[in-house]
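Here the structure comes first, spelled out in structure tokens, and everything after it is commentary.
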Amino acid sequence: MSNKMTPYVRFKGFTDAWEQRKLSSFVTKVKSYSLSRKYESQKETGYRYIHYGDIHTRKVDIIFDENVLPSISSANYVLLKKGDVILADASEDYEDIAAPAVLEVDPKDKIVSGLHTIALRPKKSLDSLFLYYMIKSPKFRKFASKQGQGLKVFGINAEKVLKFNCGVPVLTEQRQISSLLLNIDKNIAHHQKKLENLQQLKKLFLQKIFAQKWRFKGFTDPWEQRKFNWMLDSKDGIRRGPFGSALKKSLFVPKSPYVVYEQQNAIYDRYQTRYYISADTFNSLRKFELRTGDFIMSGAGTIGRISRVPKSIKKGVFNQALIRFRIDSQKLDDEYFLQLIRSPRMQRRLTGQNPGSAITNLVPMSEIKKWEILIPTKSEQQKISSCLLSLDSTITHHQKKLDQLKQLKKWFLQNLFV
């Protein structure tokens, strides 16, 4: 719809224009207190508070359980009620200025609005969850970022917030909107929790399987001790990228069939590329060519992230921030190698030669080659691989579902408000 007084998306049966006024017409301000962390108490005092830091970390968001709030020492405070919306008035970035939380429980304890917060109490014509989601909408986010002031910490005051020019429909339409968004949020929370549980399960599997504490039925033979180098191709099993001078930016060209693979390809397991090299440069660096089935591992900064090179990649070389492994496929299952390197034990080992160092560095390749590694039979490797691959597939499914729900929520926030 082109009318600015109605949103792009509406529920069936609602056609009236939205009322557009200053936010101050729909809410009253509730007193906040400069209560910092030093006022928190380990004892149950009957008093709790909302601290702006807990809003930013999402420890408090839509509050259905007051017990998530820290206890504080008692005093004669003006108290919050069910339906109050609390904003963080300070943020380290513009995007999170005036981030909201909403009290959706009738509190048994006495709840107070604490340090760097603005507490708003909706009038009878405004649904509390509608206000909460309106503050999350792109229109309010844009308004808040423009109003924010500061250099390192950005702030917004209640006076500016209350000047926000908002569109508000009838109460029944507000509740339809807030109910839809709340259901999406509950679905997001469900899939987020499921994803976290699956990731923890995967971590546990990696710990137990590679420590031989868990084994699959039918496999009882002891694992054989081998050198790390035994798993690799005997001719060109391991190679670090060329020295920076051999692949400096001055050698890059605007366009070419030959590309440069970087650390981000290993970290994010994606094979888009940014840089090109000429055929001559490629030929001079041919020993650093990346092939389908190779493994690349990040060797600086974010260390130890490993990726298997997929089919149909562009011809190219890997840079100095990567280590390339090429396994002996007669001895080793490729998925097993990938999961082995990703296991917590191996990840610790890759940086374990630098205890206490402020900068984490990868263990030298010459040392890694000599490591003693316990290896199961290839059939057991394949059983382990199949199990972990299935778990990875389930994790990916839930991650995609979670991403889709977040995109859906974003779309509704853009199109349900004016």
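For region 241-275, the set of residues classified as part of a helix (DSSP H, G or I), crowded, with 20+ Cβ neighbours inside 10 Å and of a type in the set (G, A, S) consists of A266 only.
Give me a count of the residues in region 138-160 that are assigned to a loop (DSSP other than H, G, I, E, B) and either crowded, with 22+ Cβ neighbours inside 10 Å or among the aliphatic types (A, V, I, L, M) (or both). Steps first, answer last, please.
Applying the first criterion (assigned to a loop (DSSP other than H, G, I, E, B)) to region 138-160 yields 148, 150-153, 156-157.
With either crowded, with 22+ Cβ neighbours inside 10 Å or among the aliphatic types (A, V, I, L, M) (or both) added as a condition, the list becomes 151, 153, 156.
Within region 138-160, residues that are assigned to a loop (DSSP other than H, G, I, E, B) and either crowded, with 22+ Cβ neighbours inside 10 Å or among the aliphatic types (A, V, I, L, M) (or both) number 3.
The set of residues in region 356-382 that are under 27 Å from W214 (Cβ atoms), in a helix (DSSP H, G or I) and either modelled with pLDDT under 85 or not hydroxyl-bearing (S, T, Y) (or both) comprises I368, K378, E380, Q381, Q382. Filtering S329, S307 for residues that are in a strand (DSSP E or B), within 19 Å of M231 (Cβ to Cβ) and either touching a Pro at 6+ places or on another chain (Cβ under 8 Å) or not assigned by TED's automatic domain parsing to the domain that holds I184 (or both) leaves a single hit, S307.
For region 101-119, the count of residues that are free of Cβ contacts under 8 Å to residues at least 12 places away in the same chain and not acidic (D, E) is zero.
What's the total number of residues in region 286-304 that are within 25 Å of E380 (Cα to Cα) and touching a residue at least 40 places away in the same chain (Cβ under 8 Å)? Quick ask: steps written out before the conclusion?
Narrowing region 286-304 to residues within 25 Å of E380 (Cα to Cα): 292-297, 304.
Pick out the ones that are also touching a residue at least 40 places away in the same chain (Cβ under 8 Å) and you get 293, 295, 297, 304.
Residues in region 286-304 being within 25 Å of E380 (Cα to Cα) and touching a residue at least 40 places away in the same chain (Cβ under 8 Å): 4 in total.
Selection of first residues in region 68-81 that are more than 11 Å from Y49 (Cα to Cα) and of second residues that are loosely packed, with under 14 Cβ neighbours inside 10 Å, restricted to Cβ pairs under 7 Å at least 6 apart or on distinct chains, gives the following pairs, ordered by first then second residue: V78/K31. Note on region 54-81: residues that are of a type in the set (D, E) and part of a loop (DSSP other than H, G, I, E, B) amount to 2.
Put simply, of I323, I267 the only residue that is in contact with a helix residue (DSSP H, G or I) (Cβ under 8 Å, 6 or more places away or on another chain), within 23 Å of F228 (Cβ to Cβ) and of a type in the set (V, I, T) is I323.
The values are calculated or read from the model by the stated rules, or taken from the named source; none is laboratory data. Since this is a predicted model, take the numbers as computed values, not measurements. Note that we place each Cβ from the backbone using ideal geometry, even for glycine, and neighbour counts take in every protein chain shown.
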